[in-house]
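This report concerns only the one structure given below.
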Amino acid sequence: MYVYQIIEAIKIARKNGLTIPIIYNSNGYENIETIRKLDGYIDVYLPDLKYYSNELSKKYSNVDNYFEIATKAIKEMYFQVGNAVFDDSNIIQKGVIIRHLVLPNHIQNTKNILKWIDENMPKDIYVSIMAQYFPTYKAKNDNLINRKLNKKEYNEVLNYLYSLNLRNGYIQDLGSHEEEYVPNFNLSF
């Protein structure tokens with residue numbers, strides 16, 4: 001656990017004049033006690049909310065109870081920093097933005113996630129719907145996720161999103177160049 005080192009680094013940076021917001025980028029699967037220790041040190045939380053079903057979290061991330069753990073952590077994050085607040089240049093200063101990556105053939109997972117957010121978080125919560133999934137490594141061999149998201153699936157997600165009471169967020173365009181942003185991990189130069 002690196003939370004103590006993170007806290008000490010933030011203290012040192014602030015003591016030396018750091019005034020920009022501290023952003024905690026998270027996969028969402030966080031121990032709630034860890035998040036509580038960060039209270040007062042983190043300005044912006046960017047948690048993922050990946051899986052609704054335990055079956056998916058076990059299959060694709062090899063973790064149990066992802067949804068239960070992640071939603072508790074996200075609620076704690078929101079308790080600490082509240083809704084997103086932006087400065088005059090539209091740069092986030094504090095708050096939470098929940099991110100969700102839509103997976104091909106798992107549209108119901110996305111709908112369940114969005115429904116939970118709609119029913120359990122304030123209506124002005126910021127949500128970022130991401131369409132950038134593409135298969136790598138072992139995902140290429142899984143016939144459910146061995147391809148990118150298609151337009152029909154993404155439109156179904158967006159139509160569902162628009163039927164909810166969520167008001168704030170970001171919708172990523174369905175792209176074609178996601179692979180260009182992945183580093184070459186073959187360790188050769």
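Compute the relative contact order of the chain as a whole-number percentage, counting only Cα pairs closer than 8 Å that sit 6 or more residues apart in sequence.
On the way: 285 pairs, mean separation 32.9, N = 189.
In percent, rounded to a whole number, it is 17.
So what's the net charge close to residue 153: Lys and Arg +1, Asp and Glu -1, counting the other residues with Cβ under 13 Å from its Cβ?
On the way: positive: 111, 147, 148, 151, 152; negative: 156.
Net charge in that neighbourhood comes out at +4.
Of 127, 3, how do they rank once you tally other Cβ atoms within 10 Å and put the fewest first? Mind dumping the intermediate values first?
Details: 127 23, 3 16.
Fewest to most other Cβ atoms nearby, the residues stand as 3, 127.
Over the chain, with a Gaussian network built from C-alpha contacts below 10 Å, which listed residue (73, 139, 13) shows the highest mean-square fluctuation?
Result for the chain, Cα springs under 10 Å: 13 fluctuates most.
Starting from the Cα of residue 120, step 7 Å along the direction of its Cβ; do the same at residue 138; then give the gap between the two resulting points in nm.
About 2.7 nm, to one decimal.
Which value at 222 nm does the chain reach when only helices count, each DSSP H run of 4 or more adding -39,500 (n - 2.57), with the total divided by all residues and rounded to the nearest 500 deg cm²/dmol? Mind dumping the intermediate values first?
Details: 6 runs with 70 residues, N = 189.
So the helix-based figure for the chain works out to -11500 deg cm²/dmol.
Under the 0.36 nm per residue contour assumption, what length would be gained going from the current alpha-carbon distance of residue 151 and residue 3 to full extension? Show your work: numbers first, answer last.
On the way: separation 148, 0.36 × 148 = 53.28 nm, distance 4.02 nm.
Here the answer is 49.3 nm.
Quick one: in the chain, what % of C-alpha pairs are over 23 Å apart?
Details: 8642 of 17766 pairs.
That tail contains 49 percent of the Cα-Cα pairs.
Around residue 54, what is the net charge, scoring Lys/Arg as +1 and Asp/Glu as -1 over all other residues with Cβ under 10 Å from its Cβ?
Details: positive: 58, 59; negative: 55, 64, 68.
Result for the local shell: -1.
Pick out, from 122, 62, 91, the residue whose Cα sits farthest towards the positive end of the charge dipole of the chain, with +1 on the Cβ of Lys and Arg and -1 on the Cβ of Asp and Glu.
Of the candidates, 62 comes out farthest on the positive side.
Considering only the chain, what is the antiparallel percent among its DSSP beta bridges, to the nearest 5?
Of the beta bridges lying entirely in the chain, close to 10 percent run antiparallel.
Return the ratio Rg/(2.2 N^0.38 Å) for the range 55-153, where Rg is computed over Cα atoms only. Please list the in-between numbers first.
Numbers: Rg = 15.5 Å, N = 99, 2.2 N^0.38 = 12.6 Å.
So the range 55-153 has a normalised radius of gyration of 1.23.
Assuming 0.36 nm per residue, please report the length gained on full extension of the stretch residue 23 to residue 158 beyond their Cα-Cα distance. Numbers along the way, then the final one.
Values: separation 135, 0.36 × 135 = 48.60 nm, distance 2.72 nm.
Full extension from residue 23 to residue 158 adds 45.9 nm.
All of the numbers you see were taken from the coordinates with simple rules; none came from a lab. Quantities reported herein were computed from a predicted structural model and do not represent experimental measurements. Please note: Cβ atoms are built from the backbone with ideal geometry, for glycine as well, and neighbour counts cover all protein chains shown.
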